[in-house]
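Here the structure comes first, spelled out in C-alpha cells, and everything after it is commentary.
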Amino acid sequence: MSTGTDTDFGTFGRFVETPVDEMPPAMKQAYEFTRKLRGLVPGPHKIWLANPALSTTIVPTGAYFQHDSTLSKAEIEIVTVLITARWRSAYATYEHEIIAERDGHLEARQVQALIAGLATSFDDPREQVVYELASALSAQRVVPTGLYRRAHDLLGEAGIVDVAVLLGWFTMVCMTLGAFDVPANAQGLDQ
C-alpha cells in the first residue's frame, strides 16, 4: 500500500522504466519495434512497453499518423492539442504545444486558444473544418449534418475517420499518462 512518499514516483511520472540492457526479450522486441517505426520511444510508448504485446499492437497506429495520415501536420496538431487539453494531460499538452507551433506551423494564439478551450479560427478551410469536427466530437459528441457535409466535402470519408481515430488515439495517450501521473516536464531515461 502506498504511503504517499517520494517512492511513488519512478523515472517517468509514477512509471519505473527498465533500462534497455535489462529488458526482458519481449519488452526489448517491443522497444526495438517502436524505435523502428517512430525513430524513438516517446512519451506514453515508454509506459506501453510494460505490456509488450499491447505495445506492438498499438504502435503502428501512432506511426500511421506520423507518416501516412490523410491529414496535414497542422491538422493533426489541431486535433491533438484540442483533445490533450480537454483531458488536461500536462505532459501531452506541453509536448504538443511545442510541436504544433514548430512542426505544424500553427500560430501561437491558435494553439493557446485550443489549450484554453477558447474559440479560434483557421484561414485554411480544411484546418477550420478539422477544428470544428474535433470540437464537436470531443465536446457534444454530436456532428450536425451541415458540419458532416462540409467535412466530407473537404476531407472525404478517410479524413473524417482520421480525425475520429486521432481523437481516440490521444484519449488513450492521455489516459496512460494520467494513470502514471506524468508531469509536463518529464524526461524519462535517456535511451
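Things to note:
- Complete set of residues in the range 7-31 that are over 23 Å from the mean Cα position of the chain (by Cα) and of a type in the set (A, V, I, L, M): Val20, Met23, Ala26
- Any hit, the range 60-76, residues being among the β-branched types (Val, Ile, Thr), under 20 Å from Leu154 (Cβ atoms) and touching a residue at least 12 places away in the same chain (Cβ under 8 Å): yes
- Residue count for the range 129-142 under the criterion of being surrounded by fewer than 16 Cβ atoms within 10 Å (Cβ to Cβ) and at pLDDT 95 or above: the result is 0.
- Neighbours by Cβ (under 9 Å, 6+ apart or cross-chain): first from the range 14-31, within 11 Å of Ala53 (Cα to Cα); second aromatic (Phe, Trp, Tyr): Ala30/Trp48
- Checking Thr93, Thr56 one by one, the residue that is among the hydroxyl-bearing types (Ser, Thr, Tyr), in a helix (DSSP H, G or I), in contact with a helix residue (DSSP H, G or I) (Cβ under 6 Å, 6 or more places away or on another chain) and not assigned by TED's automatic domain parsing to the domain that holds Gly159 is Thr56 and no other.
- Which numbered condition Val129 misses (of (1) closer than 29 Å to Gly13 by Cα; (2) in a helix (DSSP H, G or I)): (1)
- Residue tally, condition surrounded by fewer than 18 Cβ atoms within 10 Å (Cβ to Cβ) and assigned to a helix (DSSP H, G or I), over the range 104-114: 3
This table checks each residue for (1) assigned to a helix (DSSP H, G or I); (2) among the hydrophobic types (A, V, I, L, M, F, W, C); (3) in the same structural domain as Ile83 (by TED's automatic domain parsing).
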{"position": "Leu137", "(1), (2), (3)": "yes, yes, yes"}
{"position": "Val142", "(1), (2), (3)": "no, yes, yes"}
{"position": "Ala151", "(1), (2), (3)": "yes, yes, yes"}
{"position": "Leu155", "(1), (2), (3)": "yes, yes, yes"}
{"position": "Ala164", "(1), (2), (3)": "yes, yes, yes"}
{"position": "Cys174", "(1), (2), (3)": "yes, yes, yes"}
{"position": "Leu189", "(1), (2), (3)": "no, yes, no"}
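The values are calculated or read from the model by the stated rules, or taken from the named source; none is laboratory data. Just so we're clear, the structure is a prediction, and the values are computed from it rather than from any experiment. Ideal geometry is used to build each Cβ from the backbone, glycine not excepted, and the neighbour counts take in all protein chains shown.
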